[in-house]
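Below is one structure, written out as structure tokens; the observations come after it.
The values are calculated or read from the model by the stated rules, or taken from the named source; none is laboratory data. Since the model is a prediction, treat every value here as computed from it, not as a measurement. Neighbour counts run over all protein chains shown; Cβ positions are idealised from the backbone, glycine included.
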């Protein structure tokens with residue numbers, strides 16, 4: 001074989017080996033070979049067999065990232081995010097609807113303070129509604145359970161005071177009830193219908209006051225419209241009688257008739273009709 005013929009065959013063999021699929025060439029050429037070493041050897045790329053699979057993954061990730069909300073880093077970014085999530089522009093923008101029967105438990109000042117806090121922490125209207133609904137339900141639950149709670153408190157206080165007072169229990173309770181009749185106005189009487197009326201300290205205070213009040217004094221308090229206790233009425237009478245310049249002693253004084261009537265009512269409070 002001539003040297004020229006051998007050279008042609010060697011070239012053909014080389015071309016065949018190059019073009020027809022020798023390992024590491026053609027379509028099977030390692031696609032990472034053209035990358036810098038720090039990228040080519042990064043383990044992240046080991047899961048990608050070719051450029052197409054890498055491209056698909058990148059496109060998918062970019063689309064996913066486009067739907068995500070970035071974490072805010074400044075107050076301005078945080079305010080913008082809260083607005084996008086439904087927070088009103090101002091705290092006054094919240095609409096709060098409270099059941100009519102619970103209005104007494106949601107004072108206007110408290111609601112305004114709640115709105116301010118809700119706005120500061122970025123709550124939207126839906127979240128505020130959920131919190132108000134929860135609080136309303138909790139209050140309604142307490143109101144429904146209040147009679148049972150009062151009954152349980154009453155038993156607990158009775159047991160504690162019976163142990164403390166012993167044989168004097170009934171006597172002290174009667175004294176406390178007399179004091180309430182004498183000194184209790186409408187607000188106090190209403191308050192005593194709540195858990196305050198079961199508090200041992202409150203009961204013991206009225207018992208101490210009641211020791212100075214007789215049954216007749218309590219009875220006079222019930223039949224008189226004068227809004228003072230018999231003890232206070234007695235002190236007021238004494239004060240008037242100790243003041244010779246009082247209108248009560250001067251028939252020509254413009255307030256004499258009122259003073260005389262006042263003393264009459266005070267006497268009725270202390271001594272009865």
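If you go through the stretch 94-134 and pick out every residue that is over 26 Å from residue 79 (Cα atoms), assigned to a helix (DSSP H, G or I) and in contact (Cβ under 8 Å) with a residue 24 or more places away in the chain, you end up with 2. Which of the residues that make up the stretch 167-205 are surrounded by 14 or more Cβ atoms within 10 Å (Cβ to Cβ) and outside any helix (DSSP H, G or I)? The answer is 184, 192, 199.
Within the stretch 101-122, the residues that satisfy the criterion of being surrounded by fewer than 15 Cβ atoms within 10 Å (Cβ to Cβ) and under 12 Å from the mean Cα position of the chain (by Cα) are 110, 111, 113, 117.
Every condition in (1) at pLDDT below 85; (2) loosely packed, with under 12 Cβ neighbours inside 10 Å is met by residue 148 except one, and the failing one is (1).
Taking the conditions exactly as written (surrounded by 10 or more Cβ atoms within 10 Å (Cβ to Cβ) and either in contact with a helix residue (DSSP H, G or I) (Cβ under 6 Å, 6 or more places away or on another chain) or modelled with pLDDT of 75 or more (or both)), does residue 32 satisfy them or not? Taking the combined requirement at face value, the residue satisfies it.
Here the condition is being part of a helix (DSSP H, G or I), at pLDDT 90 or above, surrounded by fewer than 13 Cβ atoms within 10 Å (Cβ to Cβ) and out of contact with any strand residue (DSSP E or B) (no Cβ under 6 Å at 6 or more places or on another chain); of 163, 140, it holds for 163 alone.
Note on the stretch 228-262: among residues that are part of a loop (DSSP other than H, G, I, E, B) and surrounded by fewer than 12 Cβ atoms within 10 Å (Cβ to Cβ), the one that is modelled with the lowest pLDDT is 254.
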